[in-house]
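**Q** What follows is a structure written as structure tokens; I'll ask about it next.
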Amino acid sequence: MTSTTTPQPSGHGSPAGRAGALADPAADRSAEPGAGAAGTSAPLRGTPVVPGVAVGPVVRPAPRPALPEVPADGGAGVVPEDARDAELERARASAAAVAERLRVRAEATEGDAAAVLQATAQLAADRGFLGEVRKRTRAGAAADVAVTGAAEKFARMFAAMGGLMADRVTDLHDVRDRVVADLTGQPQPGVPRPDVASVLVAEDLAPADTAGLDPLRVRALVTRGGGPTGHTAIIARQLGIPCVVAVEGAQALAEGDMVLVDGTTGTVQVDPDLEHAAGRVEADRAARAAAAAWRGPGRLGDGTPFPLLANVADGPAARAAAAGPAEGVGLFRTELCFLGTAVEPDVEAQAAVYAEVLAPFAERARAAAGSGDDGLVDVKLVLRTLDAGSDKPIAYATPEHEENPSLGVRGLRVVRRDPGLLERQLDAVALAAERTGLRPWVMAPMVATEAEAKGFAAAVRARGLVPGVMVEVPSVALLAARFLHHVDFLSIGTNDLTQYAMAADRLSSDLADLNDPWQPAVLALVAMTALAGQRAGKPVGVCGEAAADPLLACVLVGLGVTSLSAAAAALPAVGARLQTATPERCRAAASAALAAPDPAAARAAALAELG
Ligand code: PEP
Ligand code: MG
């Protein structure tokens, strides 16, 4: 099968792993501050994904085309033999037209959006997919039946593989629908270009729908399905479009309904008071302007410095982050460098990859202040060892078939099967440190026991590096003080900590309400960990998506964490919000959120304290 380019994600559920997939096999809270909007009915509630407020009429994507039924025999023998070549040509031509349209849109776009469109275009042109269509049309299936059957076959395969591959099923269905629409003369599915600024409401959006959206025409996104780490969320974040997913009742919103969407509280108010709505939109605009004007470094409202760091996945992301206000890197996800790599790169090759990420920060620090006595620059750069497995399968590191991969051999656990993997990675990190003069902090993902932390710390220290572990498994939060005997720092991965504390698959749109870092139980685990750090006098950062939520960032500060790390693009909004919040207000917001019964109440309580 063909191989395609893998776009680098900024987090899970991102376009990573999409490309090349065929190739490698309510209570009314309208009175609460910030919630609702003085509408006549209770607001609909969902999971807030991208903050921001917008008002406008609802638009809906064009419906999906009617699909043909695929009989058990694949529809063989229906087309006479002498017409089968022509039928195959029709299918090929439609697939090619779909791929071309998507490519043209990709060229008019950039960043993740372009990568998503390219990846979907590649799927429409994939040799494996077209080979299956050929087989079916040669057997006498009609073109639309062959396309539908072929897509279903691969969709079943992907779904069985789970993780990011299962995410690709949406892309595949999108390709199927576009090709069938082309073949049968139905309108292409997808997002309209509204004449007035509108709110796009959908069941869920295919990556190709969200990629390339015009933020001037589509002011907010609301979906009934989807999750906080899915592709809709990632593209919305990149475009800065307020977004709420998993909104119960969104299916009942009709084209033209007026709605006020609040991407911070996760509310959708139908038929809002328009004057009140305009005020909310204006206040949001002012907050965005403050974010745009924010230049760093991170400070609280009383001037206390507070480190804001960047999450990076590779050299280009590190160069971009070093050119901005991020003080360092709080999470370098090394596994994302090797998603498409079949064989483990040797130590030298790995060192080159890591040095590319270290170098921009080393250069920036030298230019600013020079290096210390030992020639090392003093910049916080946290490198995470391979978090292979589950939704980030790495061919050379993870088991192929696991019953339950997110609870399986992932992260540091791969060392059980191959201890050399970690040894070689640490050798490569040490080499990169020596070459760049920047000594990174090194942390392990998916640690669950003290023994793991102890063994890891010894291996890291043996190379002159600074050891830490991630707090993703609740066992570490519960016993954080003990873990801190072994390591020099902790970093809370709220994405997985939430998944494991709430026992809710982070990729499941049905469980998005559980997978919310505002869950009081998750906040309590963060509080325990931060307290242990304060008592031990050791840093405890947050590097999960929670750190990208400006309101939650204030709460995390109030809970006692010592740094926050998020995608570089998210830092200005976080930095601008933090500089309006004194430590006292952050602590008050943290207490209020901890005491709240659920995420919506926690948000409202924090807003009430912070204003
Ligand atoms: C996390 O779990 O919060 C985290 C930062 O790691 P990842 O999202 O890569 O699993
Ligand atoms: Mg994680």
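**Q** Can you list the residues, at least 5 places off or on another chain, whose amide H is less than 5 Å from the amide H of residue 492, using H built in the peptide plane?
**A** Hits under the 5 Å cutoff: 471, 541, 542, 543.
**Q** Ignoring ligands, DNA and RNA, what percent of the accessible area of the range 295-610 is carbon or sulfur (1.4 Å)? Before the final figure, lay out each step's value.
**A** Numbers: 6290 of 11510 Å².
So the carbon and sulfur contribution to the accessible surface is 55 percent.
**Q** Note down the magnitude of the dipole of the range 407-505 about its Cα centre, charges +1 on Lys and Arg C-beta and -1 on Asp and Glu C-beta and zero elsewhere, to the nearest 20 debye.
**A** Working: 11 positive and 10 negative charges, 47 e Å.
My answer is approximately 220 debye.
**Q** Quickly rank 547-553, 356-362, 481-487 as a protection proxy: mean count of other C-beta atoms within 10 Å, highest first. Show your work: numbers first, answer last.
**A** Working: 547-553: 26.9, 356-362: 23.1, 481-487: 18.9.
Ranking, from highest mean packing down: 547-553, 356-362, 481-487.
**Q** Given C-alpha coordinates of the range 455-516, what is the ratio Rg to Rh with the Kirkwood estimate of Rh? Spell out each step's value before the answer.
**A** Values: Rg = 14.3 Å, Rh = 12.8 Å.
Rg/Rh: 1.12.
**Q** Something else: With a point put 7 Å past each Cα toward its Cβ, work out how far residue 188 is from residue 595 in nm, to one decimal.
**A** Placing both labels 7 Å beyond Cα along the Cβ direction yields 5.5 nm.
**Q** Carbon and sulfur together cover what percent of the accessible area of the range 81-184 at a 1.4 Å probe radius?
**A** C and S atoms contribute 51 percent here.
**Q** Could I ask something else about it? Quick one: what does P(r) look like for the range 54-106 with 5 Å bins over all Cα pairs, in whole %?
**A** Result returned by the calculation: 4, 12, 11, 18, 18, 13, 10, 6, 3, 3, 2, 0.
**Q** Using amide H atoms built 1.01 Å from N in the peptide plane, name the residues 5+ places from residue 190, or on other chains, whose amide H lies under 5 Å from its own.
**A** Close amide H contacts, sequence-distant or interchain: 62.
**Q** Moving on. In square nanometres, what is the average projected area of the Cα convex hull of the range 81-184? Could you put the intermediate results ahead of the total?
**A** Values: hull surface 24.9 nm².
Average projection, Cα convex hull of the range 81-184: 6.2 nm².
**Q** At 37 °C and 0.692 mPa s, what whole-number value in µm²/s does Stokes-Einstein give for the translational diffusion of the range 295-610, with Rh from the Kirkwood sum over Cα pairs? Mind showing how you got there, number by number?
**A** Working: Rh = 19.6 Å.
After rounding, the answer is 168 µm²/s.
**Q** At 7 Å along the Cα-to-beta-carbon direction for both residue 289 and residue 66, put a label point, then send me their distance in nm to one decimal.
**A** Here the answer is 5.3 nm between the modelled labels.
**Q** Between residue 258 and residue 449, what is 0.36 nm times their sequence separation minus the Cα-Cα distance? Round to one decimal in nm. Walk me through the intermediate numbers first.
**A** Details: separation 191, 0.36 × 191 = 68.76 nm, distance 5.20 nm.
Roughly 63.6 nm would be gained on extension.
**Q** Follow-up. Full extension from residue 197 to residue 510: what is 0.36 nm times the residue separation minus their Cα-Cα distance, to one decimal in nm?
**A** Working: separation 313, 0.36 × 313 = 112.68 nm, distance 2.93 nm.
Result: 109.7 nm gained on full extension.
**Q** Between residue 276 and residue 481, what is the spin-label point distance in nm, taking each point 7 Å from the Cα along the Cα→C-beta axis?
**A** 4.8
**Q** Before I look further, what does the chain give for accessible area per residue, probe 1.4 Å, in whole square angstrom? Please list the in-between numbers first.
**A** Numbers: 23190 Å² over 611 residues.
Per-residue accessible area for the chain comes out at 38 Å².
**Q** Any idea how many Lys pairs in the chain come in under 29 angstrom at the alpha carbon, given 8 or more places apart or on separate chains? Walk me through the numbers on the way to the answer.
**A** Working: 135/153; 153/392; 380/392; 380/454; 380/538; 392/454; 454/538.
Taking the Cα cut-off of 29 Å, the pair count is 7.
**Q** Using 0.36 nm per residue of separation minus the Cα-Cα distance, give me the extension gain between residue 582 and residue 378 in nm, one decimal.
**A** Numbers: separation 204, 0.36 × 204 = 73.44 nm, distance 2.76 nm.
Stretched fully, the residue 582-residue 378 segment lengthens by 70.7 nm.
**Q** Related question: Which value, in Å² rounded to 10, gives the accessible area of residue 109 with a 1.4 Å probe and all protein chains present?
**A** 40
**Q** Quick one: ranking 201, 270 by accessible area, 1.4 Å probe, largest first, what do you get?
**A** Details: 201 0, 270 35 Å².
Solvent-accessible surface, decreasing: 270, 201.
**Q** Now for a separate question. With 5 Å bins from zero, work out the P(r) of the range 372-523 over every alpha carbon pair and list the percent per bin.
**A** All Cα pairs, binned at 5 Å, distribute as 2, 9, 18, 19, 19, 15, 10, 5, 2, 1, 0 percent.
**Q** For the range 546-611, count the residues as N, evaluate 2.2 N^0.38 Å, and divide the Cα radius of gyration by that value, please. Working shown, then result.
**A** On the way: Rg = 10.9 Å, N = 66, 2.2 N^0.38 = 10.8 Å.
Cα-based Rg divided by the globular estimate yields 1.01.
**Q** Can you give the FRET efficiency to the nearest 0.05 for residue 353 and residue 135, using r as the Cβ-Cβ distance and R₀ = 51 Å?
**A** Details: r = 40 Å, r/R0 = 0.78.
The calculated FRET efficiency here is 0.80.
**Q** So, one more: Would you calculate a helix-derived [θ] at 222 nm for the chain, using -39,500 (n - 2.57) for each DSSP H run of n ≥ 4 and dividing by the full residue count, to the nearest 500?
**A** Working: 21 runs with 270 residues, N = 611.
Using -39500 (n - 2.57) per qualifying helix, the result is -14000 deg cm²/dmol.
**Q** Give a residue-ordered list of calculated ³J(HN,Hα) values for the range 401-411 (Karplus: 6.51 cos²θ - 1.76 cosθ + 1.60, θ = phi - 60°; whole Hz; x for Gly, Pro).
**A** Here the 3J(HN,Hα) series is 10, 10, 4, 8, x, 6, 9, x, 7, 10, x Hz.
**Q** Convert each backbone phi in the range 460-465 into a coupling constant with the Karplus relation 6.51 cos²θ - 1.76 cosθ + 1.60 (shift: θ = phi - 60°), then list the ³J(HN,Hα) values in order as whole Hz, x for Gly and Pro.
**A** Values, residue by residue: 6, 4, 4, 9, x, 9 Hz.
**Q** Could you give the distance between the Cα centres of the range 101-124 and the range 193-227, to the whole Å?
**A** 17
**Q** In the chain, if the dipole is taken from +1 on Lys/Arg beta carbons and -1 on Asp/Glu beta carbons about the Cα centre, which of 589, 124, 318 is farthest to the positive end?
**A** The residue sitting most towards the positive pole is 318.
**Q** OK, next. Kirkwood Rh over Cα pairs of the range 145-294 into Stokes-Einstein at 20 °C, 1.002 mPa s: D in µm²/s? Mind showing how you got there, number by number?
**A** Values: Rh = 17.1 Å.
Answer from the Stokes-Einstein relation: 126 µm²/s.
**Q** Shifting gears a bit: Could you give the C-alpha radius of gyration of the range 283-359 expressed as a fraction of 2.2 N^0.38 Å, taking N as the number of residues it contains? If you can, show how the numbers build up before the last one.
**A** On the way: Rg = 16.7 Å, N = 77, 2.2 N^0.38 = 11.5 Å.
Working it through for the range 283-359, the quotient is 1.46.
**Q** In terms of the Cα gyration tensor, with a ≥ b ≥ c the square roots of its eigenvalues, is the range 78-139 rounded because a/c is under 1.5, prolate because a/b exceeds b/c, or oblate? Spell out each step's value before the answer.
**A** Details: a/c = 5.73, a/b = 2.77, b/c = 2.06.
Here the range 78-139 falls in the prolate category.
**Q** For a distance above 44 Å, tell me the whole-number percent of Cα pairs in the chain that qualify. Don't jump to the answer; show the numbers that get you there.
**A** On the way: 37430 of 186355 pairs.
Cα-Cα pairs in the chain separated by more than 44 Å: 20 percent.
The values are calculated or read from the model by the stated rules, or taken from the named source; none is laboratory data. Because the structure is predicted, anything quoted here is derived from the model rather than measured. Don't worry about glycine lacking a Cβ; one is built from the backbone with ideal geometry, like all the others, and counts go over all protein chains shown. The protein model used for the area step is the full one, side chains on, heavy atoms only, and it has no ligands, DNA or RNA in it. Shrake-Rupley method; radii C 1.70, N 1.55, O 1.52, S 1.80 Å.
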